[in-house]
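**Student:** Questions regarding the structure given below will be posed in turn.
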Number of protein chains: 2
Amino acid sequence: MNGKEGMDGMDGMDKGKLGAVTVARAALTRLMEPSDLAGLALIRVVGPVQAIRIAKGEERAGTETEHKIAGLMDEAGALRSWMGLESSMSRWAPRINDLAPERDLAVIRRLGGGLLIPEDDDWPGSLSDLGLAEPIALWCRSPYRVLPGLNRCVAVVGSRDNTDYGASVTGQISQGLAQRGITVVSGGAYGIDAHAHLGALAGGNEHLPTIAVMAGGIDRYYPSGNEDLLRTIAQEGSMIAEVPPGTNPTRYRFLQRNRLIAALCSVTVVVEARWRSGALNTAHHADSLSRQVAAVPGSVFSANSAGCHRLLREGSAVCVTDAAEVAELAGLCGEHLASEPTGATATHDGLNVDDLLLMDALPARQGSPPEKLSSVAGLGIASVLAGLGRLELMGLAERIDGNWRLRRGTK
Amino acid sequence: MNGKEGMDGMDGMDKGKLGAVTVARAALTRLMEPSDLAGLALIRVVGPVQAIRIAKGEERAGTETEHKIAGLMDEAGALRSWMGLESSMSRWAPRINDLAPERDLAVIRRLGGGLLIPEDDDWPGSLSDLGLAEPIALWCRSPYRVLPGLNRCVAVVGSRDNTDYGASVTGQISQGLAQRGITVVSGGAYGIDAHAHLGALAGGNEHLPTIAVMAGGIDRYYPSGNEDLLRTIAQEGSMIAEVPPGTNPTRYRFLQRNRLIAALCSVTVVVEARWRSGALNTAHHADSLSRQVAAVPGSVFSANSAGCHRLLREGSAVCVTDAAEVAELAGLCGEHLASEPTGATATHDGLNVDDLLLMDALPARQGSPPEKLSSVAGLGIASVLAGLGRLELMGLAERIDGNWRLRRGTK
């Protein structure tokens, strides 16, 4: 089964202490919006089980806890927006009655998935680069238990309203990445996202071809036109989200989802993007996480490439034109080195300047005597004679009755 | 006449000492190939008049002169290829009998041109960045006596076998540059070069629209298919070369010509270039002279854009998509700033995170009570009430019987 293992392998862990942690984190993903920094700080300080009790008002957080949260918010540069735990609790309170983590976990298990939590050995280490904004947990639907490491994941993103050109490049790059054993990560949306997933599925990577990172709950196929594609991804790749089943995708959640795509991948490739585009948001997340950003060039007359050209012009992205170049950016040192197109080599390659001057002076038909060549080429007679010998050896010059000309067939 | 002044204004200077210098330099351009570093060093050490006498064997160079030449060659990093003045003289000797500088100067004057020499006030200062490889003189055909300064010249270069796309972009960029008062410099060849000159001529720049830097003598129109274009350039722009009338263009002279294009311009734009292309040679010259290099992106499937993408990928070129962006690179500080496309602004631009969450939670038709919004948005009731007030003021939310929804027409 190539390392595939059903997520329901988690069943055993739901028991006992880890079980309680899983249930608590499942509940917290419903209680808190993605990147709720105060909530995430609370979880860091007291752990998920106590955090849910405090959020529910079953327990009070002491002054020391508040201080520690303030400290973490300060480190994350978010202290100014922090108005104390009570203010955060008023934000969580309206959702307390909706919590039903056991039901959510049962739903995801029925769909062949599970909840991946930071306490798991399989938790992607790349997400810790998000700092305090590291997600509470990841809801996953996949036959694969383990997400590939940072260097094995590349994000391929772009506009929803792609051009034919964008579709072709996306397909070729994604398929080529999958063939190289690289997992293509995208957002499951229409347009470039869909072509990225499709290309990856066609590439035959047996180590998880593609991951769709969703802005809403992974129990639904959104957008509905991508239902078949998303169903296939859930069966052959991985569908993941930090929000629980049943959650609507919202503008805010789309933007937060982009940070997850960026964090999971060593490279984010923007294939087509308008001057203002959600794909650029993913690119900026990648950049701020010190991940590599790449952009595919296109026609300067195509508005769908304007965002890519903007990234290139500002120096925020590297120019890539095929899967090999992307793989080289993603690869560990020395792995996946893109081979340079050799181009046609010309007959005069490698000639020294004098021999180049001499070759330029050689007539194509009627031969010239060395004295004439000396004047035309601007070389002393000794240099001409020595050079003619070298060019003759290289098959570039020939002698006819003491006169010299280019060998026939030489350009 | 907009600062136009015939080159024959030089007539007066041909008399007396400056006249002797002009004649000597005219002769030296025929005697020595472009970038003959030993020859150029000799001219620097003893001056052009004595240099021609030494080259002709009418005078002997002393040991001190040889030492000074060696010093200049050393500074230029070319000492290893220097085998003494005698060796250089053997290179010049075969051409001594061909020298007829007065005839060459008469030819160029008949064509409405003249010889520009470093001793002239109008000599382009930008060429001194070539160091020892600064040309001996420039043969010019133009109604303009003065070449524009570095910041007023942009090179637009590319493949001979351009695509329709390349022709369109070249035309737009060159015309736009000319309209901004920038002179478009190119090589007078087929393909991108020709479209660059044509676009510039169409742009209506009255301060010298375009300069063709030729690899051969400017008494002939080469390639012959460009005869009409080159004739127009000689009449409305400027045709220049460092080689004298009657000289054939050779491979070596094409490569040397490229260094002149690069040196004259603050920016070299490569519009279309294959993986191996002469245009890349110009770009490398520009780069080594610390001039700005720019490349136009294109389809990743077009072999004619592969060289441009190579420059972008290697970070040797800035991505440019129109004349405004090129002008910004060329411009003096603050001049020619490209205006950013504004793109459509969205109604949610500038909302804080809480109001964005709240707006995401508002239904489009049936209103929701604040308590429901509080749960859906994950915000405390106080934040919801304050946020609804703000959104109502901004025309984004409306109240219906105590319930709230998106204002009609809001997306």
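**Student:** Which aspartates and glutamates, on any chain, are close to residue B:68 with Cα under 18 Å apart, when same-chain ones fewer than 8 places away are left out?
**Tutor:** B:36, B:59, B:86, B:134
**Student:** Also: Give a residue-ordered list of calculated ³J(HN,Hα) values for the stretch A:262-268 (Karplus: 6.51 cos²θ - 1.76 cosθ + 1.60, θ = phi - 60°; whole Hz; x for Gly, Pro).
**Tutor:** Whole-Hz 3J(HN,Hα) from phi for the stretch A:262-268: 4, 6, 6, 10, 6, 9, 10.
**Student:** What are the aspartates and glutamates whose alpha-carbon lies under 19 Å from the alpha-carbon of residue A:372, with same-chain residues fewer than 8 places away excluded?
**Tutor:** Leaving aside aspartates and glutamates fewer than 8 places away in the same chain, those within reach of residue A:372 are A:354, A:355, A:360, A:392, A:398, A:401, B:33, B:98.
**Student:** Only Cα pairs within less than 10 Å get springs; with that Gaussian network setup on chain B, which residue of B:368, B:299, B:142 has the largest fluctuation?
**Tutor:** Among B:368, B:299, B:142, the largest mean-square fluctuation in the Gaussian network model of chain B belongs to B:368.
**Student:** Let me ask you something else. Count the net charge of all other residues whose Cβ sits under 13 Å from the Cβ of residue B:71, scoring Lys and Arg as +1 and Asp and Glu as -1.
**Tutor:** Numbers: positive: B:44, B:68; negative: B:64, B:66, B:74, B:75.
Taking every other residue near residue B:71 into account, the sum is -2.
**Student:** Only bridges whose two residues both fall in chain A count here: according to DSSP, what percent of them are antiparallel, nearest 5? Kindly include the intermediate steps, with their values, before the conclusion.
**Tutor:** Details: 13 of 32 bridges.
So the antiparallel bridges in chain A amount to around 40 percent.
**Student:** Once the label point is set 7 Å along the Cα-to-beta-carbon vector, what list of distances in nm do you get between residue B:20 and its counterparts in the other copies?
**Tutor:** When each copy's label point is compared with this one, the spacings are 10.5 nm.
**Student:** Let me ask another. List, in order, the whole-Hz ³J(HN,Hα) value for each residue of the stretch B:42-53 obtained from phi through the Karplus relation with A = 6.51, B = -1.76, C = 1.60 and θ = phi - 60°; use x for Gly and Pro.
**Tutor:** Each residue's phi maps through the Karplus curve to give 4, 4, 4, 6, 10, x, x, 5, 5, 4, 5, 5 Hz.
**Student:** Defining the label point at 7 Å along Cα→Cβ, can you sort the distances from residue A:80 to the same site in each other copy, shortest first, in nm?
**Tutor:** Distances to the matching label points in the other copies: 5.8 nm.
**Student:** Going by amide H atoms built from the backbone, whose H comes under 5 Å of the H on residue A:185, apart from near neighbours?
**Tutor:** A:154, A:155, A:156, A:211
**Student:** Which one, A:88, A:383, A:288, has the greatest fluctuation when you compute a Gaussian network model over chain A with C-alpha springs under 10 angstrom?
**Tutor:** Result: A:383 has the largest fluctuation of those listed.
**Student:** Let me ask another. When the distances between all Cα atoms of chain B are binned every 10 Å from zero, what whole-number percent does each bin get?
**Tutor:** 5, 20, 23, 17, 11, 7, 6, 5, 4, 2, 0
**Student:** Still on this structure, I have one more. Amide H of residue A:145 versus every other amide H placed in the peptide plane: which residues, excluding those fewer than 5 positions away on the same chain, fall under 5 Å?
**Tutor:** It is A:5, by chain and number.
**Student:** Still on this structure: Can you give the calculated 222 nm mean residue ellipticity of chain A, where each DSSP H run of n ≥ 4 adds -39,500 (n - 2.57) and the sum is split over every residue, rounded to the nearest 500 deg cm²/dmol? Display every interim value, and only then the final one.
**Tutor:** Working: 16 runs with 174 residues, N = 411.
Value at 222 nm, helices only: -13000 deg cm²/dmol.
**Student:** Follow-up. Kindly provide the GluC sites (Glu not before Pro) of the stretch A:34-81 that DSSP labels as loop, not H, G, I, E or B, and whose Cβ sees at most 16 other Cβ atoms within 10 Å. Intermediate results must be reported in sequence, preceding the final value.
**Tutor:** Working: sites: A:58, A:59, A:64, A:66, A:75; in loops: A:58, A:59.
Loop-located and lightly packed - A:58, A:59.
**Student:** Considering all alpha-carbon pairs of the protein assembly as shown, what whole percent are spaced by more than 36 angstrom?
**Tutor:** On the way: 194740 of 337431 pairs.
Pairs farther apart than 36 Å: 58 percent.
**Student:** What is the residue of chain B with the smallest Cβ distance to the axis taking B onto A, and what is that distance in whole Å?
**Tutor:** B:297, 2
**Student:** Okay, next question. For residue A:404, what residues show an amide H to amide H distance below 5 Å, using hydrogens built from the backbone and excluding near sequence neighbours?
**Tutor:** A:368
**Student:** Please report the relative contact order for the stretch B:64-218, taking Cα pairs under 8 Å with a sequence separation of at least 6, and give it as a percent rounded to a whole number.
**Tutor:** Working: 202 pairs, mean separation 25.5, N = 155.
16 percent.
**Student:** Do you know the relative contact order of chain B, to the nearest whole percent, from alpha carbon pairs under 8 angstrom that are 6+ apart? Write down the numbers at each step before the final one.
**Tutor:** Numbers: 784 pairs, mean separation 52.2, N = 411.
For chain B, the relative contact order is 13 percent.
**Student:** On a C-alpha basis, how far is the centre of the stretch B:154-171 from the centre of the stretch B:36-104 in Å? Whole number, if you could?
**Tutor:** 40 Å
**Student:** For the stretch A:357-410, state which trypsin sites (Lys or Arg not before Pro) are in a DSSP loop and have at most 14 other beta carbons lying within 10 Å of their beta carbon.
**Tutor:** Details: sites: A:365, A:372, A:390, A:399, A:405, A:407, A:408; in loops: A:365, A:407, A:408.
Taking the stretch A:357-410 and a limit of 14 other Cβ atoms within 10 Å, the loop trypsin sites (Lys or Arg not before Pro) found are A:365, A:408.
**Student:** How far, in nm to one decimal, is residue A:60 from itself in the other copies if the label point is set 7 angstrom along Cα toward Cβ? Shortest first, please.
**Tutor:** Its label point is 10.9 nm from the equivalent points in the other copies.
A short reminder: the numbers here are calculations on the coordinates, not readings from a lab. Note that the structure is a prediction, hence the values are computed from the model and not measured. Cβ atoms come from the backbone with ideal geometry, glycine included; neighbour counts cover every protein chain shown.
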